[in-house]
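The values are calculated or read from the model by the stated rules, or taken from the named source; none is laboratory data. Only a predicted model underlies this, so the values are computations on that prediction, with no experimental measurement involved. Here Cβ is always computed from backbone atoms with ideal geometry, including for glycine, and neighbour counts include all displayed protein chains.
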Amino acid sequence: MTEASGQPRVPNRWLIVLDAIMIQLCLGALYAWKAFTGKLVAEPYNFSKLQSQIPFNVGLVTFAVVMAFIAGRWQQKIGPRKVAMVGGIVFGLGYLIAGFSGNSFIGILIGVGVFGGAGIGLVYVVPIAVCVKWFPDKKGMITGLAVAGFGFGALIWIKLTSGFVFGPVNFTPGWDGLYGMDWGISGVFKLYGVLFTVIVVLGSLLMVNPPDGWKPPGKSATIATTALNGGVEFTELQMVKTPQFWMLYFIFTAGAMAGLMVIGIIGLFGKDALTANGITLEKADIIAGTAMGLFFAFMNGFGRIAWGTISEKTGRKAAIVMMTGFQGIMMILFYFIGGYEWGLYLGAAIIGFNYGGIFSLFPAATADYFGNKSVGVNYPWVFMAYGLGGSLGPILGGAMGDHELWVWAFIPAGIACLIAAGVGMLLKPPQHHTPAAA
């Protein structure tokens, strides 16, 4: 369309948001790991509970490292479209490698953990950075929408393996998913690899930045300029020298550790806790799958939108404190209520809701504190906390699960979140003495 003011012809910016959601739906396969852990600890794989978490853990770390050290700068140099396209190919290739590796632990680790994580790391920041630039006037809400697909994607990819059954409600009667059709993990990996490649590559075509001088429709030049600048732009080096960066980093780490631990072990913990209360193993498996595939996954996606929108009203600091404190309380309670069906559903929903908020609040806070234009290169460094949280949470959960000491997974994670909420109360805008180059 052509603006009446004579601005360059640009696409409908809401189409870019829809495209971002489509891409993120695929990337959300990382959170569908619960669909594989049960089979990985059984014949013919015979992985330990700890081993079952390692590909997931390596994927999280690779995701964060590649995003920080490669994706941010690369998309700034060659453009977001090309980076997203390459990332989609690497992402899909990783699942294909895992699919052709049979029951090899190393093959699955390299495929899903290294290649899959690297592909996600290349793609993930692109929709966020692009959408923030197109919507500088709605950062919180729009980052929530842009990353909502990542949370909702887990629901799709988990339920494709087991059928769309949610507790007593069966949306696919007579069809028990790909596993019910005698597909093995290898076959599912191969199918997902093809789908992810095609969808992300097609989605990358709309990943373009607005033209220089572009302003949101209906915004005056003064308002648009202020919003687009996000205060003053910081370089990465300037940003990491501020206490605000390290405060955000710590809070993000604690929140990621809690949420990723639950994602990684909810199937295993749920079955142990439910069967200890007399529920049959078969029913416990269905309940745990529903807790992750419906309650956690849906509320994870919804929480991204909700917390982003809430932060537009309360301010980013207040939203971060509320979200992290609430998460700390719920993590501690989850151990005690997770042995009951209602408790597993309630806990998964609330933890998923709070965890989802991380991914709308922290990119928006990064833009608020360190500049909208620089969010594509700055947010990946904040996001490194996700990799650290991904190292701590699932490994802690898997190790405690192997020793049947689940309580010592949940309580430390909950305490860490409560401390992080206290740190969040100290947040304030950083001082900037040397303006970054535009």
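Of note:
- Pair list, Cβ under 6 Å, 6 or more apart: the stretch 251-267 residue touching a residue at least 60 places away in the same chain (Cβ under 8 Å) and among the aliphatic types (A, V, I, L, M), other residue outside any helix (DSSP H, G or I) and surrounded by fewer than 24 Cβ atoms within 10 Å (Cβ to Cβ): none
- Evaluation of Ala420 against the conditions (1) at pLDDT 95 or above; (2) farther than 26 Å from Phe152 by Cβ shows that the sole unmet condition is (2).
- Any hit, the stretch 378-393, residues being buried (at least 24 other Cβ atoms within 10 Å of the Cβ), over 16 Å from the mean Cα position of the chain (by Cα) and within 30 Å of Glu236 (Cα to Cα): yes
- Residue satisfying all of: in the stretch 165-183; of a type in the set (Gly, Ala, Ser) and free of Cβ contacts under 8 Å to residues at least 40 places away in the same chain; nearest to Phe115 (Cα to Cα) among these: Gly177
- Some residue of the stretch 4-27 being at pLDDT below 85 and under 27 Å from Leu160 (Cα atoms): no
- Applying the criterion of being under 25 Å from the mean Cα position of the chain (by Cα) and of a type in the set (Phe, Trp, Tyr) to the residues of the stretch 182-219, the residue that is surrounded by the fewest Cβ atoms within 10 Å (Cβ to Cβ) is Phe189.
- Residue within the stretch 346-358 that is modelled with pLDDT of 90 or more, small (Gly, Ala, Ser) and under 21 Å from Lys241 (Cα atoms) present: no
- Against the numbered list (1) in contact with a Leu (Cβ under 8 Å, 6 or more places away or on another chain); (2) modelled with pLDDT of 90 or more, Ser391 comes up short only at (2).
- Filtering the stretch 95-114 to residues that are more than 18 Å from Phe150 (Cα to Cα), of a type outside the set (A, V, I, L, M) and assigned to a helix (DSSP H, G or I) leaves Gly99, Phe105, Gly107, Gly111.
- Tabulated pairs, the stretch 389-411, first free of Cβ contacts under 8 Å to residues at least 40 places away in the same chain and more than 13 Å from Phe56 (Cβ to Cβ), second in a helix (DSSP H, G or I) and among the β-branched types (Val, Ile, Thr), C-beta under 9 angstrom, 6+ apart or interchain: Met400/Ile265; Met400/Val407
- Options Trp408, Trp381: the member that is at pLDDT 90 or above and farther than 15 Å from Phe250 by Cα: Trp408
- Subset of the stretch 120-155 that is part of a loop (DSSP other than H, G, I, E, B) and either modelled with pLDDT under 85 or in contact with a strand residue (DSSP E or B) (Cβ under 7 Å, 6 or more places away or on another chain) (or both) - its residue that is surrounded by the most Cβ atoms within 10 Å (Cβ to Cβ): Pro136
- Any hit, the stretch 110-127, residues being farther than 19 Å from Ala71 by Cβ and free of Cβ contacts under 8 Å to residues at least 40 places away in the same chain: yes
- Hits in the stretch 307-333 (condition: of a type in the set (Asp, Glu) and closer than 19 Å to Cys417 by Cα): none
- Residue among Ile287, Ile337, Ile310 that is within 30 Å of Tyr369 (Cα to Cα) and out of contact with any strand residue (DSSP E or B) (no Cβ under 8 Å at 6 or more places or on another chain): Ile310
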